[in-house]
């Protein structure tokens with residue numbers, strides 16, 4: 001085995017691992033809260049604080065409450081400014097009534113007052129503990145969504161706006177983007193003088209048809225937009241990528257979908273030397289880091305579980321174990337250094 005730690009360092013890693021597992025349990029609790037967000041908002045008591053409402057509605061014990069606060073690291077339930085998001089150029093300029101086309105629809109939905117939702121992507125604090133960012137408004141908030149067979153693909157909510165801000169800021173010159181959706185990134189990037197053109201790769205003809213008919217006519221800069229009906233994986237050759245100044249990848253709904261796409265594309269993107277961003281890349285790397293921590297734990301404690309039908313996460317853990325076994329790791333600090341974002345990307349390559 002390539003990981004060689006002394007007894008004290010093994011105990012130190014075990015403490016780190018235990019804390020990371022508890023932190024993930026808190027993330028699971030947040031998912032329960034988000035899954036029940038609508039009912040929670042309908043039962044919200046304005047005489048109680050937001051956190052007290054959470055504890056009361058989800059029946060958290062005092063121990064749960066302390067556990068919740070200890071591993072949360074910051075006050076995650078943030079009151080957001082409704083007016084800030086309503087002033088967004090896309091929200092101000094693009095107006096639609098509900099539209100249904102084949103299996104797809106553009107629908108207007110809303111958050112209730114006090115309904116919790118993710119407002120930005122996950123981050124890490126000290127010791128790689130995860131922070132999940134949940135926000136709410138104190139009055140209803142309307143937003144546009146793209147739905148396929150009653151399954152949401154994209155919504156213009158604070159989460160979408162905040163998680164695309166970095167990519168929009170980075171976009172310049174001839175821009176390439178994988179995934180059309182509602183066109184939020186394309187619209188916001190097209191408003192920039194530094195952006196010459198935006199080529200959108202979208203394999204779904206129905207989405208293209210829906211977009212061209214109802215949203216593209218409302219763009220202020222239609223001349224910058226070029227849509228190619230193609231599969232992103234086929235288009236992502238190094239020769240194609242080198243034609244552009246910047247790439248934004250966004251054709252997945254969440255980290256569960258995104259992690260496989262990230263692993264398939266990252267190599268060719270890095271080899272092309274194009275400047276790029278993946279949507280919610282920090283959150284994807286956090287999931288990869290969880291896998292890497294598990295791989296470290298299994299190697300240090302010599303755990304070899306035989307799983308018949310391995311899922312994607314199991315396979316990633318196995319791959320990380322293979323990579324780690326090829327390294328020479330002689331201290332706790334050396335081991336933990338591989339949890340850095342850039343080191344994780346190096347390992348998955």
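The values are calculated or read from the model by the stated rules, or taken from the named source; none is laboratory data. From a predicted model like this one, the values you see are computed outputs, not experimental measurements. When we count neighbours, we look across all protein chains shown, and the Cβ atoms used for this are built from the backbone with ideal geometry, even at glycine.
So the values come out like this:
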item: Verdict on residue 220 being more than 24 Å from residue 119 (Cα to Cα), part of a loop (DSSP other than H, G, I, E, B) and touching a residue at least 60 places away in the same chain (Cβ under 8 Å); result: yes
item: Of all residues in segment 198-215 being surrounded by 13 or more Cβ atoms within 10 Å (Cβ to Cβ) and over 26 Å from the mean Cα position of the chain (by Cα), the one that is farthest from residue 178 (Cα to Cα); result: 214
item: Residues that are in contact with a strand residue (DSSP E or B) (Cβ under 7 Å, 6 or more places away or on another chain) and either assigned to a loop (DSSP other than H, G, I, E, B) or not assigned by TED's automatic domain parsing to the domain that holds residue 206 (or both), drawn from segment 223-242; result: 230
item: Odd one out for residue 311 among (1) closer than 25 Å to residue 23 by Cα; (2) at pLDDT 95 or above; result: (2)
item: Tally, over segment 35-57, of residues that are surrounded by fewer than 16 Cβ atoms within 10 Å (Cβ to Cβ), modelled with pLDDT of 95 or more and part of a helix (DSSP H, G or I); result: 4
item: Top-ranked residue of segment 288-299 - restricted to ones that are free of Cβ contacts under 8 Å to residues at least 60 places away in the same chain and buried (at least 19 other Cβ atoms within 10 Å of the Cβ), ranked as farthest from residue 128 (Cα to Cα); result: 295
item: Single residue of 56, 101, 44, 67 found to be farther than 30 Å from residue 183 by Cβ, more than 21 Å from the chain's Cα centre (by Cα) and in contact (Cβ under 8 Å) with a residue 60 or more places away in the chain; result: 44
item: Residue identified as more than 30 Å from residue 215 (Cβ to Cβ), modelled with pLDDT under 95, exposed (fewer than 15 other Cβ atoms within 10 Å of the Cβ) and not assigned by TED's automatic domain parsing to the domain that holds residue 152 among 62, 75, 31; result: 31
item: Strands (runs of 3 or more DSSP E) within segment 116-180 that include 2 or more residues under 30 Å from residue 333 (Cα atoms), assigned by TED's automatic domain parsing to the domain that holds residue 225 and in contact (Cβ under 8 Å) with a residue 40 or more places away in the chain; result: none
item: Selection count, segment 109-137, where residues are modelled with pLDDT of 95 or more and surrounded by fewer than 14 Cβ atoms within 10 Å (Cβ to Cβ); result: 1
item: Selection from segment 165-188 of residues that are surrounded by fewer than 22 Cβ atoms within 10 Å (Cβ to Cβ), under 21 Å from residue 265 (Cβ atoms) and in contact with a helix residue (DSSP H, G or I) (Cβ under 6 Å, 6 or more places away or on another chain); result: 168
item: Identity of the residue in segment 138-156, under 23 Å from residue 53 (Cα atoms) and touching a strand residue (DSSP E or B) at 6+ places or on another chain (Cβ under 7 Å), that ends up surrounded by the most Cβ atoms within 10 Å (Cβ to Cβ); result: 141
item: Any hit, segment 300-316, residues being surrounded by 13 or more Cβ atoms within 10 Å (Cβ to Cβ) and over 24 Å from the mean Cα position of the chain (by Cα); result: yes
item: Residue among 324, 347, 292, 339 that is outside any helix (DSSP H, G or I) and modelled with pLDDT of 90 or more; result: 339
item: Test for residue 172: is it closer than 24 Å to residue 274 by Cβ and in contact with a strand residue (DSSP E or B) (Cβ under 7 Å, 6 or more places away or on another chain); result: yes
